[in-house]
Amino acid sequence: MALADKLAAWQQAGIIDAETAARIAAHEDASARPFALWAVIGLGCLALALGLISVVAANWTDIPDVLKLVVHFTLSAAAALAVWFGVRRDARWFAEGALFLLAALILTGLALHSQIYQLSGDIWKLLMTWLALSAPVLLLAGRTRLTAYALAGMTLWATIGWASAQVGETLSAHLVEGLAMAVPWLLLAIPALIRERRRFIHGLVEVALIVLLIGVSLAHMAWADPVTGAAASDMRVRMALVAVVAMAALWAQRRRGPLPQPLHLPMVAVPFVALFLATALPHGDGPLPRFFGALVFAGMWGWIAWAAARLGWRSLFGIAIGALAIRLFIVYFELFGSLAMTGAGLIFAGVLLIGLALGWRRIFQTFRRNAP
Amino acid sequence: MNRSLLIAALLLPLAGLAASVGIRESELSRAEQYVMPVTGFDPRDVLRGHYIRYRYDWQVSGDPLWCRDGACRICLAGDAPDGSRVEIRDLPSAPCPKEIDWQASGLTLYAVPATSGTADEAGQPARLDVSGIFYLSESDAPAMEQQMAETPMVMNVLLTSSGRLVNQSLIPSAPPSR
């Protein structure tokens, strides 16, 4: 519905008077952005960039390698210079754009060297090299979610790639795998190093929490499979590194945030405990371990829901209650197994799912009414 | 923000890129040029662009089955630029002066066991199959594909001191007769 229609409807419903409606309309007109114009200009820029890329790509083999390397290095140096000036003049988006471009150029530069000098190898080596060259400048100069998401995403990709390339049950392999597992907590620990740049920090923390909560919720499935003593022992070696980083993350969050205090334990410490219990302690796959696993899951998400309710964070509260509802639905299938797939079982499952959805909605509405 | 720290962080990727080029160029400047006979097959791929998959057509001495798990050394037996002969050594053995690091060269290695003959087909001795990919431009690909099918070909390569083979050009082994 257009703003004018909404204002008319609100006015008709007696929510606002004519004067307020006129002031809102004037305010919106004054702050309106020429999105259509920007879209057309953006489309033009995209066409220009695609055209340039196509021309270069079509003649790629005819361009001497030296020229490719020189042009690439010049562009990288120009981007670095632009970052410098952007930061010095406090031009946030200019510096961010240049920083993102510099990070992208470093990656393409490494790929270009691989092509020219016919270097072969696993992708993680290229990503880890990129990380070593780019992470310092991104951490020092990143100011918005753009660079935060780029750094967090690439760190996850590089370390997961490195961990996936490990062969055998050696100490070094376990340490690398532990490093990949520790990345979400590492991202949560970064606020200890950075005082300002709120948006950048928020970006890192957002990625960390999404990966952490989804990862731990999925790892919770380990309760459905037996974990042998040997597997648990290997996992404890991996988790030793994770424990150190998780403690650093907890300390960093307590000192500088940005997570509010009620969420420190349920979102930083409890996921570690849940992960440890599910994967680093030997257990069978009988009803008792499964029930205990479900309790751990419910404990973690229940605590998060409670903390979110205290803080008035509606979205997080909704996600936590949703996670609990899904787990409850899975419990039904765990309890009744193949019986749940019969006609009557499916009817009951359908009713249960509708009931859970309605229950979730009711809890959420009560929360919205009572939220601080 | 600490000014000198930011300068250092900005210079780090530039120094890294420059060092990467410097190291490779220095490696190539000390590399030896070899000419290696190759056979080609399976040219071009719609997903990966235009390329020739080539196989080295070496005269091999030593037991190819030593390479079954990649646990062997492949040593060039001739002096540069003769890259037509290789010797296979098992591990552990002393490194050879002109060893090919097939993994770092992006090559694929198979030790194909001997096959016993049948009524229709003669048996084959064990052999070493080392293959790689040579990328081509779209315009060169059709001519190269035909040339590979009709003419014996050689790959001009550089062998670096670390044992990496760097392809230079794929050409006919002898100039075409007039």
In region A:195-238, anything surrounded by 22 or more Cβ atoms within 10 Å (Cβ to Cβ) and either free of Cβ contacts under 8 Å to residues at least 24 places away in the same chain or aromatic (F, W, Y) (or both) is listed as A:F200, A:W223
In region A:16-43, residues that are among the hydroxyl-bearing types (S, T, Y) and not in a helix (DSSP H, G or I) total 1
Taking region A:62-91 and keeping only residues that are of a type in the set (S, T, N, Q) and facing chain B (nearest Cβ under 10 Å), one is left with A:S76
Any residue in region A:254-261 that is part of a helix (DSSP H, G or I) and either surrounded by 16 or more Cβ atoms within 10 Å (Cβ to Cβ) or aliphatic (A, V, I, L, M) (or both)?
-> no
Checked region A:284-305 for anything open to solvent by 70 Å² or more (accessible area, probe 1.4 Å), aromatic (F, W, Y) and at pLDDT 85 or above; matches are A:F292, A:W303
Note on region A:168-194: residues without any contact (Cβ under 8 Å) to a residue 12 or more places away in the chain and assigned to a loop (DSSP other than H, G, I, E, B) are A:G168, A:T170
Of the residues in region B:1-31, those that are touching a residue at least 24 places away in the same chain (Cβ under 8 Å) and within 9 Å of another protein chain (Cβ to nearest Cβ) come to B:E27, B:L28
Note: among A:A294, A:A269, A:A323, A:A248, just one is of a type in the set (A, V, I, L, M) and closer than 27 Å to A:S172 by Cβ, namely A:A248
All-but-one check, A:F100 against (1) open to solvent by 40 Å² or more (accessible area, probe 1.4 Å); (2) in contact with a helix residue (DSSP H, G or I) (Cβ under 7 Å, 6 or more places away or on another chain); (3) within 10 Å of another protein chain (Cβ to nearest Cβ), failing number (3)
Checked region A:118-134 for anything surrounded by fewer than 18 Cβ atoms within 10 Å (Cβ to Cβ), at pLDDT 90 or above and small (G, A, S); matches are A:A132
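When you scan region B:159-176, how many residues do you find that are open to solvent by 30 Å² or more (accessible area, probe 1.4 Å) and either charged (D, E, K, R) or part of a loop (DSSP other than H, G, I, E, B) (or both)?
6
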The residue from B:M144, B:M153 that alone is closer than 28 Å to A:W60 by Cβ, surrounded by 14 or more Cβ atoms within 10 Å (Cβ to Cβ) and within 14 Å of chain A (Cβ to nearest Cβ) is B:M144
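The values are calculated or read from the model by the stated rules, or taken from the named source; none is laboratory data. Note that the structure is a prediction, hence the values are computed from the model and not measured. When we count neighbours, we look across all protein chains shown, and the Cβ atoms used for this are built from the backbone with ideal geometry, even at glycine. Side chains are part of the model used for accessible areas, which takes the heavy atoms of the whole protein and leaves out ligands, DNA and RNA. Shrake-Rupley method; radii C 1.70, N 1.55, O 1.52, S 1.80 Å.
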